[in-house]
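Right, one structure below, let's go through it.
The values are calculated or read from the model by the stated rules, or taken from the named source; none is laboratory data. Please read all numbers here as calculations on a predicted model, not as lab measurements. Note that each Cβ is placed from the backbone with ideal geometry, even for glycine, and that neighbours are counted across all protein chains shown.
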Amino acid sequence: MATWMFAGHLLLGSAQIATYVYRLLKPHRVGVYGPSMVGKTTLDQYLTVPGDIDPIPAELRTTHPVRNGNFSMPRSTKKQVRFNGERTPITSSDIGGQQQYWGMWAKDIIDEHRDIIFYVVDHRIMLSPHLRNEAVAGFQYIVDMITDTKYPSTFSRKMKKKAKRWKPKVVCLLLNKMDIWWSPESDALWSMGLKRQYRMVIPFQDELRRLRRAGIPTNVEAISSQYGLHVEKAIVDTIHLI
């Protein structure tokens, strides 16, 4: 019996090593998008080097230079998500959230074949109708594209063909800055499994339903990228939905 158990542990260990090596060679392709100043760059920095991140001033928000009439796409970088003793390799880019960069979101999703999409928002959508509408419009822009209902006007015929042949495997609405907005209300809804009924999620419910009708799994997670609260768990739990 002991011999068989030992052999089983060896096989399990070998399978885990093989999976990790495979993911090193082909990491999960993660896309992170959302409005400006919601913490996307902070999340990118945390995933690169975990630990508390200094707040990023508004004047240092992510921008992209123009080259040959187009915004220059940032490079995708490799990262390791460590959770429960396991490491999950991913790649992602840091793209600005202003509406002028939405075309870059689309290009990044299609050209880089982002199979996992995180759309990041924060508590400000509960305080400002303008910011809420902007956040919903950005999410709708992505959902339109990946459900084949509307492609950006900047897409060439070649990009449209590529978009039709590809779909992400999962989309997650990521509620950032929970260190600011988490309350007894949110705690109660999360504990009852009703997090999709939270005030920050309700404006996005129509698009989440559209994704599910299109056969694309969806998720909702709460994190604080500045302090690393639930970041790794949110990413790994979303990946496990694939």
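When residues in the stretch 124-142 are screened for being free of Cβ contacts under 8 Å to residues at least 24 places away in the same chain and of a type in the set (Ser, Thr, Tyr), 1 of them pass. Taking residues in the stretch 179-198 that are touching a residue at least 40 places away in the same chain (Cβ under 8 Å), and partners anywhere that are surrounded by 11 or more Cβ atoms within 10 Å (Cβ to Cβ) and charged (D, E, K, R), the pairs with Cβ atoms closer than 8 Å and at least 6 places apart or on different chains are Ile180/Asp122; Trp181/Asp122.
Mind checking which pairs have a first residue in the stretch 220-238 that is within 19 Å of Met37 (Cβ to Cβ) and a second that is assigned to a strand (DSSP E or B), Cβ under 7 Å, 6 or more apart or different chains? So the pair list comes out as Ala222/Leu175; Ile223/Leu174; Ile223/Leu229.
Results for (1) modelled with pLDDT of 95 or more; (2) in contact with a strand residue (DSSP E or B) (Cβ under 7 Å, 6 or more places away or on another chain), shown as yes or no for each residue.
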site	(1), (2)
Val143	yes, no
Ser156	no, no
Asn176	yes, yes
Pro184	yes, no
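Among the residues of this structure, Thr62 does not count as one that is surrounded by 13 or more Cβ atoms within 10 Å (Cβ to Cβ), over 15 Å from the mean Cα position of the chain (by Cα), of a type in the set (Ser, Thr, Tyr) and within 24 Å of Ala214 (Cβ to Cβ). Of all the numbered requirements in (1) in contact (Cβ under 8 Å) with a residue 12 or more places away in the chain; (2) touching a Ser or Thr at 6+ places or on another chain (Cβ under 9 Å), Met159 misses one, and that requirement is (2).
Contact annotation: residue pairs with Cβ atoms under 9 Å, 6 or more positions apart or on different chains, pairing a residue in the stretch 88-101 that is within 11 Å of Arg114 (Cβ to Cβ) with a partner that is part of a helix (DSSP H, G or I) and β-branched (Val, Ile, Thr), are Ile90/Ile235; Ile90/Ile239. Against the condition part of a helix (DSSP H, G or I), modelled with pLDDT of 95 or more, surrounded by 13 or more Cβ atoms within 10 Å (Cβ to Cβ) and in contact with a helix residue (DSSP H, G or I) (Cβ under 6 Å, 6 or more places away or on another chain), how does Leu189 come out, does it pass? Yes; evaluated as a whole, the condition is true for this residue. Scanning the stretch 199-241 for residues that are over 24 Å from Ala137 (Cα atoms) and either in contact with a helix residue (DSSP H, G or I) (Cβ under 7 Å, 6 or more places away or on another chain) or assigned to a helix (DSSP H, G or I) (or both) turns up Gln226, Tyr227, Gly228, Leu229, Val231, Glu232, Lys233, Val236, Asp237, Ile239. Go through the residues of the stretch 130-152 one by one and say whether even a single one is among the aromatic types (Phe, Trp, Tyr) and within 24 Å of Thr42 (Cα to Cα). Yes, the stretch 130-152 has at least one match.
Does Asn84 count as out of contact with any Phe, Trp or Tyr (no Cβ under 8 Å at 6 or more places or on another chain) and on the phi > 0 side of the Ramachandran plot? The answer is yes for Asn84.
Among the residues making up the stretch 78-108, a single one is in contact with a Leu (Cβ under 8 Å, 6 or more places away or on another chain) and more than 12 Å from Glu232 (Cα to Cα): Ser92.
Checked against the criteria, Arg75 counts as under 27 Å from Ala163 (Cβ atoms) and free of Cβ contacts under 8 Å to residues at least 24 places away in the same chain.
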